[in-house]
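Below you'll find the structure, written out as structure tokens, and then a few comments.
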Amino acid sequence: MITKALISPKSIVVVGGSDDVHKPGGATLRNLISTNFQGELYVVNPKCDTVQGIKSYREISDLPSVDCAILAIPAKLCLAAVETLCNQKACKGIIILSAGFGEDSKEGGIIEKKIVEICNSTGTGLIGPNCIGVMTPQYAGVFTQPIPRLSNKGATLVSGSGATIVFILEAAMQLGLTFSQVFSVGNSAQTGVEDVLEYLDENYVEGESSKVLMLYIESLNHPDKLAKHASSLIRKGVKIAAIKSGYSEAGSRAASSHTGAMASPDKAVNALFRKIGIIRCYSRIELVNVAAAMMFPTPSGKRVAIITHAGGPAVMQTDVLSSNGIEIPHIEGPKAQELLTKLYPGSSVANPIDFLATGTAEQLGHILDACENDFDVDAMTIIFGSPGLTEVYDVYDLIAEKIKKANKPMYPVFPSVYNVRNEIAAYHEKGLISFPDEVALGSAVAKIMNRPAPITENELPPVDKALIREIVDNSENGYLSPEKTQQLLDAAGINRTKEFVASTSQEALKAAKEIGYPIVMKVVGPVHKSDVGGVTLNIKDDVTLASEFTRMMGIKDATGVLLQPMLSGTEIFIGAKREDKFGHLIMCGLGGIYVEALKDINCALSPVSKDEATEMIENLRSVKLLKGTRGKEGVNIPLFNEVIRRVSALCEAAPEIFEMDINPLLGNSRTLTAVDVRIRIEK
Ligand code: ADP
Ligand code: MG
């Protein structure tokens, strides 16, 4: 839990503070002093009466009451310290920097747990252990450097990894990004990333709270909580970018169907982020570029003007923007002509707007005004460096002034991080942001412009929930029988082929009469039927039927045969896989053998909205095939969308479904018919 004492403490004690600034306690104290903490500052150090000029107490019990304590002492001493602080010193915020707890040993884990108990019972917020600390505009309670510029208007950063925070801050400071709050949650003993989100959500104040949130997550322990508060924050206008590392971890090994194995916890993370509207990033550099770009006004469309005095970077930025679907519209007309007269001969306003290496601040001013007021663009990038001959303060000052008044985002790229480092530093000094690399900025802007709207609708097609419950409650763990599978599909309103199960050749012949030739025969029992010669298509007569029946009953694990009419259509696939803590991941793609060969599948987390299902289908590489191409009949796409959501509705009604695989559904422009369905229950 995050308490007021952790955000804006009136008094802080550094337990274990010393004169040695190369140790965490000494470094934390130095940081608090150098950033001018305005409240009362104390130290506990058994050997000193003053430390770095601050009064030091020999023991915690000697301290006056204190809001917040930062502990930089060995793990085994922390429990007693926390006890005294919480029970006798009215301390409501504890930050434990020390390592040696649950991450280290079983005994460490026990101490950690006891500390959490004390904090919980006294309403104390606990950060860490094993972290770098907390920063807010009121104090820099960390032992590390650098300390970024701290301001209410800055971004908020929350991370499970302390070292990563340091590196993220270093990258961010090169862009001039400022921070409102930084939380290093360490072991998340009491307070994890999700809990910080809860705090940020519940304490959000329009006009005051941070509008940009950066997350670095290693393990997502409470996706529900994250979804709830991140969604709420986004509804309030907060923009969120996050790294979730560890995406290369092996997929779901527990899955036994081929398609189930293609689901993975990482796909669930993607689907969750997509649903919430979080922009997923994959590197620190990407995270800081996206977050820094999010600090600008949100562009209202996807049209960018690239303003430059150098050709190459503009070409590279054009490439990255346009390959990500962002438009660099051609600019022409009387206003463009008028602008051209204000620039040196040889300049171009067609977009990229190139005002040449000799271009001046005044000319740039005209260009920015035209882009803001006259041209139909939603954002501008301004690429301006220096070959090192002259200073560029005038240009950067002008950009600073224009940015303040602009309604459209103007993203400055200052590539000369060496030649004009002083000008860039002065620019950042004003609390403004610049980007060193045009391509990194371009891909960040594209991510922001392409971010799909968060999903708010979750109404699913109606299914017979009572019947679904009855069937599932009366089933054992494992794969459902063909009969139960049929019943579930019917209860969920998913169209399936007529089929009969036969265990004698007499029954098979009778079923064939009922269905009518040509017929498809499949072995019942083995999971992957084709792999064991258990599917025979296009059987046209009784003789073949009888001999195939005998052959199939000889297949290992065969318990019967299934007879279906021989249908035709495009093979598509819909599947579901329960992902630990996330709920069901619903998948779709081109079916049959293509699923595994092309791995062209998309997924969304249940409940799947109409928009999500549309995106799943439209983003398939094979979407053109599905829609029908070169005279070949396509699949009924609205129906495909509906069946995806019916599978989602079925999983919502029966969370016991561990895996489900409809492969294939045979589709044409009128209907979709399931011909092979496996449902596995794990209660
Ligand atoms: P499995 O996936 O266990 O190998 P399927 O029932 O999916 O078995 O059958 C394998 C393939 O046979 C399907 O991908 C499809 O191409 C074809 N097939 C199956 N049932 C029918 C049917 N009723 N009509 C036409 N083709 C079918
Ligand atoms: Mg199949």
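The values are calculated or read from the model by the stated rules, or taken from the named source; none is laboratory data. A quick note: this is a predicted structure, and the numbers were derived from the prediction, not measured. Cβ coordinates were reconstructed from backbone atoms using ideal geometry, including for glycine residues, and neighbour counts include every protein chain displayed. Heavy atoms of the whole protein, side chains included, go into the accessibility calculation; ligands, DNA and RNA do not. Shrake-Rupley method; radii C 1.70, N 1.55, O 1.52, S 1.80 Å.
What GluC sites (Glu not before Pro) in region 322-396 are in a loop by DSSP, with at most 14 other Cβ atoms within 10 Å of the Cβ?
Sites meeting the loop and neighbour criteria: Glu332, Glu391.
Remark: region 116-123, residue by residue, has Karplus-estimated 3J(HN,Hα) of 4, 4, 5, 4, 4, 6, 10, x Hz, where x stands for each Gly or Pro and the curve is 6.51 cos²θ - 1.76 cosθ + 1.60 at θ = phi - 60°.
Placing a label point 7 Å from the Cα of Ala425 along the Cα-to-Cβ direction, the residues of region 142-172 whose backbone N falls under 20 Å from that point are 145-150, 169-172. Applying the Karplus relation 6.51 cos²θ - 1.76 cosθ + 1.60 with θ = phi - 60° to region 579-591 yields 3J(HN,Hα) values of 9, 2, 6, 9, x, 8, 9, 9, 10, 8, x, 6, x Hz, where x marks Gly and Pro. Show that you can apply the helix-only estimate: for the chain, add -39,500 (n - 2.57) for every DSSP H stretch of four or more residues, divide by all residues, and state [θ] at 222 nm to the nearest 500. Value at 222 nm, helices only: -11000 deg cm²/dmol. Choose one of Cys131, Ser264, Tyr204: the residue whose Cα lies farthest towards the positive end of the charge dipole of the chain (beta-carbon charges +1 Lys, Arg; -1 Asp, Glu; about the Cα centre). Towards the positive end, the residue furthest out is Ser264.
Probing with 1.4 Å while keeping every protein chain in the model, the per residue accessible area of region 330-486 equals 49 Å². Rolling a 1.4 Å probe over the protein heavy atoms gives region 570-681 an accessible area of 37 Å² per residue.
Taking the 1.4 Å solvent-accessible surface of the chain as the whole, the part contributed by carbon and sulfur is 51%.
Sparsely packed loop sites in region 20-105 (the trypsin sites (Lys or Arg not before Pro) outside DSSP H, G, I, E and B with at most 14 other Cβ atoms within 10 Å) comprise Lys47, Arg58. Accessible surface area normalised per residue over region 1-136 is 43 Å², counting heavy atoms of protein chains with a 1.4 Å rolling probe. Positive-end ranking of Ala163, Ser219, Ser151 along the dipole of region 102-237, with charges on Cβ about the Cα centre, is headed by Ser151. Amide H to amide H, with H built 1.01 Å from N, Ala379 comes under 5 Å of Arg303, Ala305, counting only residues 5 or more places away or on other chains. Derived scalar couplings between HN and Hα for region 327-332 equal 8, 10, x, 5, 10, 8 Hz in order, rounded to whole Hz, by the Karplus curve 6.51 cos²θ - 1.76 cosθ + 1.60 (θ = phi - 60°), x for Gly and Pro. Loop-located GluC sites (Glu not before Pro) in region 424-522 (DSSP state not H, G, I, E or B) with no more than 13 neighbouring Cβ atoms inside 10 Å: Glu457, Glu459, Glu476.
For region 296-450, a/c is less than 1.5, where a ≥ b ≥ c are the root eigenvalues of the C-alpha gyration tensor. That puts it in the rounded class. Summarising the label geometry, the points placed 7 Å from Cα in the beta-carbon direction at Glu596 and Glu338 lie 6.6 nm from one another. Can you give the Kirkwood hydrodynamic radius for region 1-136, in Å, rounded to one decimal and based on Cα pairs? With all distinct Cα pairs of region 1-136 included, I get 14.5 Å.
How would the chain be classified by its alpha-carbon gyration tensor: rounded, prolate or oblate, with rounded meaning a/c under 1.5 and the a/b versus b/c comparison settling the rest? Because a/c hits 1.5 or more and a/b fails to exceed b/c, the chain counts as oblate.
Just to verify a number: FRET efficiency for Lys114 and Gln88, C-beta to C-beta distance, R0 = 25 Å, to 0.05? Between Lys114 and Gln88 the formula returns 0.90. Net length available on complete extension from Asn538 to Gln174 is 124.3 nm, with 0.36 nm assigned per residue and the Cα-Cα distance removed.
Using R0 = 41 Å, the C-beta based FRET efficiency linking Lys627 and Thr504 works out to 0.40. For Ser188, the amide hydrogen comes within under 5 Å of the amide hydrogens of Gly128, counting only partners 5 or more places away or on other chains and with H modelled in the peptide plane. Diagonalising the gyration tensor over the Cα atoms of region 141-234 and scaling each eigenvalue by 5 before taking the square root yields semi-axes of 21, 17, 10 Å, largest first.
Residue separation of Glu40 and Ser300 scaled by 0.36 nm, minus their Cα-Cα distance, works out to 88.9 nm of gained length. Between Ser669 and Lys513, the FRET efficiency from the beta-carbon distance, with R0 = 25 Å, is close to 0.25. Three principal axis extents of region 570-681 based on alpha-carbon atoms, in descending order, are 44, 26, 25 Å. Between region 446-460 and region 589-631, what is the separation of their alpha carbon centroids in Å? Comparing the Cα centres of region 446-460 and region 589-631, I get a distance of 18 Å. Amide H contacts of His584 (H built 1.01 Å from N, in plane; Pro and chain starts excluded): Glu579, Ser606 sit under 5 Å, all sequence-distant by 5 or more or on other chains. Answer rounded, prolate or oblate for region 499-540, using the Cα gyration tensor with square roots of eigenvalues a ≥ b ≥ c: rounded when a/c is under 1.5, else prolate when a/b is larger than b/c, else oblate. Oblate.
Projecting the Cα atoms of Leu639, Ala444, Ala512 onto the charge dipole of the chain (Cβ charges, centred on the Cα centre) puts Ala512 farthest toward the positive pole. For the pair Asp376 and Asp397, label points projected 7 Å from Cα toward Cβ lie 3.8 nm apart. Taken along the Cα-to-beta-carbon direction at a fixed 7 Å, the label points for Val417 and Glu218 span 2.6 nm.
Students often get this wrong, so check it: of Lys236/Lys335; Lys275/Lys683; Lys106/Lys447; Lys225/Lys498, which have C-alpha atoms separated by over 32 Å?
Check vs 32 Å cut-off fails for Lys236/Lys335; Lys106/Lys447; Lys225/Lys498.
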